[in-house]
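Read through the structure below, which is laid out as structure tokens, and then see the notes.
The values are calculated or read from the model by the stated rules, or taken from the named source; none is laboratory data. Fair warning: this is a prediction, and the values are worked out from it, not measured in the lab. Note that we place each Cβ from the backbone using ideal geometry, even for glycine, and neighbour counts take in every protein chain shown.
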Protein chains: 6
Amino acid sequence: MSSVCIQVINPNTSRAMTETIGAAARAAAAPGTEIVAVCPTEGVPSIEGHFDEAIAAVGVLEQIKAGRQQGVSGHVIACFGDPGLLAARELAQGPVVGIAEAAMHMATLVATRFSIVTTLPRTLIIARHLLHQYGFYHHCAGLHAIDLPVLALEDGSGRAQEQVRQRCIQALKEDGCGAIVLGCGGMATLAQELTRELHVPVIDGVSAAVKMVESLVALGLSTSKQGDLAFPEAKNLGGRFQSFN
Amino acid sequence: MSSVCIQVINPNTSRAMTETIGAAARAAAAPGTEIVAVCPTEGVPSIEGHFDEAIAAVGVLEQIKAGRQQGVSGHVIACFGDPGLLAARELAQGPVVGIAEAAMHMATLVATRFSIVTTLPRTLIIARHLLHQYGFYHHCAGLHAIDLPVLALEDGSGRAQEQVRQRCIQALKEDGCGAIVLGCGGMATLAQELTRELHVPVIDGVSAAVKMVESLVALGLSTSKQGDLAFPEAKNLGGRFQSFN
Amino acid sequence: MSSVCIQVINPNTSRAMTETIGAAARAAAAPGTEIVAVCPTEGVPSIEGHFDEAIAAVGVLEQIKAGRQQGVSGHVIACFGDPGLLAARELAQGPVVGIAEAAMHMATLVATRFSIVTTLPRTLIIARHLLHQYGFYHHCAGLHAIDLPVLALEDGSGRAQEQVRQRCIQALKEDGCGAIVLGCGGMATLAQELTRELHVPVIDGVSAAVKMVESLVALGLSTSKQGDLAFPEAKNLGGRFQSFN
Amino acid sequence: MSSVCIQVINPNTSRAMTETIGAAARAAAAPGTEIVAVCPTEGVPSIEGHFDEAIAAVGVLEQIKAGRQQGVSGHVIACFGDPGLLAARELAQGPVVGIAEAAMHMATLVATRFSIVTTLPRTLIIARHLLHQYGFYHHCAGLHAIDLPVLALEDGSGRAQEQVRQRCIQALKEDGCGAIVLGCGGMATLAQELTRELHVPVIDGVSAAVKMVESLVALGLSTSKQGDLAFPEAKNLGGRFQSFN
Amino acid sequence: MSSVCIQVINPNTSRAMTETIGAAARAAAAPGTEIVAVCPTEGVPSIEGHFDEAIAAVGVLEQIKAGRQQGVSGHVIACFGDPGLLAARELAQGPVVGIAEAAMHMATLVATRFSIVTTLPRTLIIARHLLHQYGFYHHCAGLHAIDLPVLALEDGSGRAQEQVRQRCIQALKEDGCGAIVLGCGGMATLAQELTRELHVPVIDGVSAAVKMVESLVALGLSTSKQGDLAFPEAKNLGGRFQSFN
Amino acid sequence: MSSVCIQVINPNTSRAMTETIGAAARAAAAPGTEIVAVCPTEGVPSIEGHFDEAIAAVGVLEQIKAGRQQGVSGHVIACFGDPGLLAARELAQGPVVGIAEAAMHMATLVATRFSIVTTLPRTLIIARHLLHQYGFYHHCAGLHAIDLPVLALEDGSGRAQEQVRQRCIQALKEDGCGAIVLGCGGMATLAQELTRELHVPVIDGVSAAVKMVESLVALGLSTSKQGDLAFPEAKNLGGRFQSFN
């Protein structure tokens, strides 16, 4: 394992999306950083609601545990709802960063207010809750959904991508925002192109999270193991959760 | 099945606590209400952090699905962190109420500010986040932990119960609160006794949630199936999550 | 007096509306619950602003006192501004619930965000202030007024009712909400019909508050008499307020 | 009537306190300002809770109406809970300012954070709610009560005054505040003396509100009569409220 | 120097605007109040962003120091962003009030919610931040910009003034507000005329701030010199900042 | 100039502190990153209040302009109040990050709540305001000051450093926090040692900000030049501000 190794966890089971995300992570990583892109072996093929998130969280946590055993330096949770984030922090030794979190943080550094463009309308409530939880509610100028499912981003037609682009243009016009946050790991490849075309920062969480983890690792900062993010109390988990024992 | 049947889900796998919770639910239920107290077959024996919650959520959701198939009228999630609440609402046909939620709501109806007494300090952050999410942050006068694990409430010694009592007395003295919310499903049996002794409402979430679900059922109000709590998108879940298909 | 008796106070002096409200309360009440619907003998015929509320509060409080002397189990304040709520809690022995409060609480249990449909635009500020006070500001997706006075709901033409219906439809379309809260006691009869037609929970506060009071009574929870909701300090009230001595 | 005439309404029926308040108002008034200090003929002798406020509000509103008919330039509501403030604004033609409001506003102009010292602990919740309503919650460093009733300020012993003084000293030491707001109209005479002794602004709401009303009058700014503070809808009020017709 | 002397500081270097502002201040001042209208000798000719504010703050602070040495009673910072306000409070002996602050405070006394009409869209973020800082975010119904630079108000054409008027009308229609706050010192002369025409309070911060300072001076209240607004620590400032030594 | 060059601006004029900060920045920088540590030639020797910040901001902005002309990749403002941050963003082409901002952001990634330890008590209000502005108010568990001036950190005695250490220990014990943010650029060298000793993340903003800027540069994200952070409007600045023309 190289000196810095970041485990990028796609919480859904889509291999194609895991590759998209892995590629985006690698493109963002520093020369000395190895990216290990993984996804759960069992779970949901895409994440578009709270139920999907709850199922996905288990797979995320298993990957976190596996990554920790492999000695990775840190972890990225590469779904815009950051499923299982605080649980993952309990389980991890190294830092864990979610892509919604990373993108929102970065956005506040380059604009006074940002807008979010995501996939299905039903996921907007998740973004809304995260804005409150992370403290960025008043930094958000608007929330937009293209009304296409996550996997439409992987169908090769480019239709979803074009709708994302249109929504970004509309958000810039209507919201008075200075930056756009892309609300799905599957949009990772769009960020740079849209940044160039629209002349504002268009932020992808995957690459943002990779840089955040690299930064924390470089600074010797890891998840606090005092207090409420300490390792979980040792318990005997039964059945299909045995792997956590 | 009787005309109203409420499924009370203890999210941990402790049989003893499931019985405690079931008894508290039955004691609170209206004459016409049947209580079905269940717990996951696999999961964590007690819930004391985000990781425990994430694991428990899967079992909660399976029970929700089973309960819905059995035609229950509504569901209670009987752990003070309300694990899996929004996911459960997506999966359920009937109303779903968490015990933290129910207790906090009730507390705001009988006092201007309430304090919370819970088990381990590391769970305080969960209560804190729920206060923000539910809108009751400014209604909370103080958060207290007795620094004993959840299962100490089931060890028969009464030591944990006595510490809860002491903390309630201290909270009333120091916080200027008018009511106490008990922060654990395992404390359900303490509420009435403490209410009498301390001359303030001491609120147990299990009984509160049962009444909330009964109320919603009686009013013909169920989880909104328009928008972000609609049934999950149909997906093919693999492996150990097959039961959700 | 039956084992559970709930006093439902219409804060305005409209007999017709008191009957509407009483009927809605009775329809929602459990078999063992007696509903006593009352209104002040002196006051305002409808409540459409802060002045109306201030006048109405006196009548509400007199009814609270009378109800307490009659030994009622609890009280409902059946005007959407919840006039005199905290004062009533001081004066009451049993629990007191406002219909705005009850409807908003219930709405958060069945949807992530709700919209409010009320009568005159000038009452919107009252709803807005209550959202802040109760903690539900961020759970509200939109506030709407039909621009007809309260008593238009009692004119028999059904015009106001139709406008409420239209506004609910519009709110669902524009606000991204999952439930509707009806913002007037006089709309109580509309809730069930609209719930059926619009396929989302449409919530009437009168029936919601009756269930809340029943729940609190069943749980043995009453207004906290320690601290800031204790009975008012004994004082000698003069003139027309003598009845409070 | 002189060119500027401010009606200062003591919402309780204490003549002694009305004189104290009137004197404080006169001491603060500009040369050209006439002060008319009034109190309700019927109501509560002191205001120490929500019930007292609700009763007092009626008397306040009658005085507002009378003052408007006499052509006063503006009104002050001289009780720290600002009872009936928004209702008074509906009824008034000129500006209406509450003393809690005025004192809090002024405090934010001379210090980054202020503390409040008031009478009975049970009134703290009223101050707390006003802080939220007016927007100054984060400007308040602490809330303190001397645990003596309002009228102890009028018993001539000076004991209550001494306790206020001690609490101010304590607040400055513990809260890190830069100013003190006195939380009772009956403390009006203490402000200047304590300002001198403690070397920080100690703010009395009565004098602050007089200056606020003078300012609004001088600027030609009066209560907005468009929207939610418009005159109340014309209604037929019965019985003891006939005077409002 | 007269008994009350208020230094009104136009933070930009425009002589014409300083005169406009001075005239507005004089028109608002009480008979016994002398107005000294000043502007920095060096700085920015208009203030339309954070950079402009940062530069202007130095000139404001020099004027504050000069004013204090001349023994003025208090200071007004007459630019809607209130540049250098807290720094000025540290440096001043007397009270310091910003015009945004004053106008917003006044607006909350005469309406439940107000809207703001300002010049360039890029200054809206400054108003937005002030709303948060002062606590009035929830009292603001809308923020509007006419998209003309500040100095367009001084070009004699009346075009900017007409656009302000149009925007006020639009804001009243769309926002449901009860008052308008004019968001630029250069709009001072418009307030009275628009108040008359639009029949709602249209508030100019310059005159509002003059009355606020007069009020504080009359009450003997000055900037708290205990704690975080104490005079700056004595330091040796070099070069062009020597005048502050 | 190397491929990535970060200008680290110490806003005060202390050469010793500039060196301390520069060393901390270099220690944190990636191999390919050049650090240029600068400070204003004129200004304040230390920053302990709003006045100091206002003066320092001018020097910061001159350095930003100079840095931009030299083609630096990005800028760090290395004083815990982040003086001039938004103005700097207007002036800069590349990203600008403040050290308070960077440290607070990082802290939320490794702990649920953090405490701040800073120098003089009078600077606490600045940290408090930043917590609100950045959205982290509810992530902060406590604010502490050692009551020694900034330059005590440079007196070679180690006394200030020891007091920082003691306060960190106290904060961990009393606040229930999981991480500590060091509230002064001059504390940069303490972070790693304290992280090791106290077994929680102790975060220095200088190194955190360097990593943030490196991250933004690597991602091709720069300050948004659309909207309110666009370059300042071209204006003719006179006298000592000529250098900005």
Original post:
What single numbered condition from (1) among the β-branched types (Val, Ile, Thr); (2) over 21 Å from residue B:149 (Cβ atoms); (3) at pLDDT below 95 fails to hold for residue B:20?
Top reply: (2)
**OP:** Assess whether residue A:211 counts as being basic (Lys, Arg) and either in contact (Cβ under 8 Å) with a residue 24 or more places away in the chain or under 28 Å from residue F:107 (Cβ atoms) (or both).
**Re:** yes
Original post:
Which condition breaks for residue E:70 when tested against (1) modelled with pLDDT of 95 or more; (2) at the interface with another protein chain (Cβ under 10 Å from one of its Cβ atoms)?
Top reply: (2)
Subject >> Test set (1) assigned by the TED database to the domain that holds residue E:16; (2) free of Cβ contacts under 8 Å to residues at least 40 places away in the same chain; (3) under 25 Å from residue E:14 (Cα atoms) - residue E:220 fails condition number >> reply: (3)
Original post:
Hey, residue C:151 hits all of (1) out of contact with any helix residue (DSSP H, G or I) (no Cβ under 6 Å at 6 or more places or on another chain); (2) farther than 22 Å from residue C:44 by Cα but one; which does it fall short on?
Top reply: (2)
**OP:** Name every residue in the range A:216-232 that is out of contact with any Leu (no Cβ under 8 Å at 6 or more places or on another chain) and not hydrophobic (A, V, I, L, M, F, W, C), in order of residue number.
**Re:** A:220, A:224, A:225, A:227
Original post:
Which number in (1) surrounded by fewer than 24 Cβ atoms within 10 Å (Cβ to Cβ); (2) of a type outside the set (Lys, Arg); (3) farther than 27 Å from residue C:226 by Cα; (4) within 14 Å of chain E (Cβ to nearest Cβ) marks the one condition that residue D:140 misses?
Top reply: (3)
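A quick yes/no check of all residues on (1) of a type in the set (D, E, K, R); (2) assigned to a helix (DSSP H, G or I); (3) over 16 Å from the mean Cα position of the chain (by Cα); (4) buried (at least 18 other Cβ atoms within 10 Å of the Cβ):
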| residue | (1), (2), (3), (4) |
| --- | --- |
| F:122 | yes, yes, yes, yes |
| F:127 | no, yes, no, yes |
| F:131 | no, yes, no, yes |
| F:144 | no, no, yes, yes |
| F:152 | no, yes, yes, yes |
| F:157 | no, no, yes, no |
| F:162 | yes, yes, yes, no |
**OP:** Please specify each residue of the range C:84-128 satisfying the condition of being farther than 27 Å from residue C:198 by Cα and either more than 7 Å from every other protein chain (Cβ to nearest Cβ) or acidic (Asp, Glu) (or both).
**Re:** C:85, C:88, C:89, C:90, C:92, C:93, C:94, C:96
Original post:
Looking only at helices (runs of 4 or more DSSP H) that fall completely inside the range B:1-115, which ones have 2 or more residues that are surrounded by fewer than 23 Cβ atoms within 10 Å (Cβ to Cβ) and free of Cβ contacts under 8 Å to residues at least 60 places away in the same chain?
Top reply: B:15-28, B:50-70
Original post:
Only one of C:210, C:200, C:181 is among the hydrophobic types (A, V, I, L, M, F, W, C), modelled with pLDDT of 95 or more, in contact with a helix residue (DSSP H, G or I) (Cβ under 8 Å, 6 or more places away or on another chain) and assigned to a loop (DSSP other than H, G, I, E, B); which?
Top reply: C:200
Original post:
Does residue B:164 satisfy being in the same structural domain as residue B:20 (by the TED database) and not charged (D, E, K, R)?
Top reply: no
**OP:** For residues that are of a type in the set (Gly, Ala, Ser), within 18 Å of the chain's Cα centre (by Cα) and closer than 15 Å to residue B:95 by Cβ, tally how many sit in the range B:55-72.
**Re:** 1
Subject >> Filter result (surrounded by fewer than 23 Cβ atoms within 10 Å (Cβ to Cβ) and either in a helix (DSSP H, G or I) or within 14 Å of chain C (Cβ to nearest Cβ) (or both)) within the range D:213-227 >> reply: D:217, D:218, D:225, D:226, D:227
**OP:** Identify, by number, the condition in (1) part of a helix (DSSP H, G or I); (2) closer than 23 Å to residue C:176 by Cβ; (3) touching a residue at least 60 places away in the same chain (Cβ under 8 Å) that residue A:189 doesn't meet.
**Re:** (2)
**OP:** For residues that are surrounded by 15 or more Cβ atoms within 10 Å (Cβ to Cβ), at the interface with chain E (Cβ under 7 Å from one of its Cβ atoms) and under 18 Å from residue E:49 (Cα atoms), tally how many sit in the range F:228-243.
**Re:** 8
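For residues in the range D:32-54 being within 14 Å of the chain's Cα centre (by Cα) and among the small types (Gly, Ala, Ser), which is nearest to residue D:240 (Cα to Cα)?
Filtering the range D:32-54 for residues that are within 14 Å of the chain's Cα centre (by Cα) and among the small types (Gly, Ala, Ser), the one nearest to residue D:240 (Cα to Cα) comes out as D:46.
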Original post:
Can residue F:51 be described as of a type in the set (Phe, Trp, Tyr) and within 9 Å of chain E (Cβ to nearest Cβ)?
Top reply: yes
Original post:
Quick one: would you say residue A:209 is buried (at least 18 other Cβ atoms within 10 Å of the Cβ), in contact with a Lys or Arg (Cβ under 6 Å, 6 or more places away or on another chain) and among the small types (Gly, Ala, Ser)?
Top reply: no
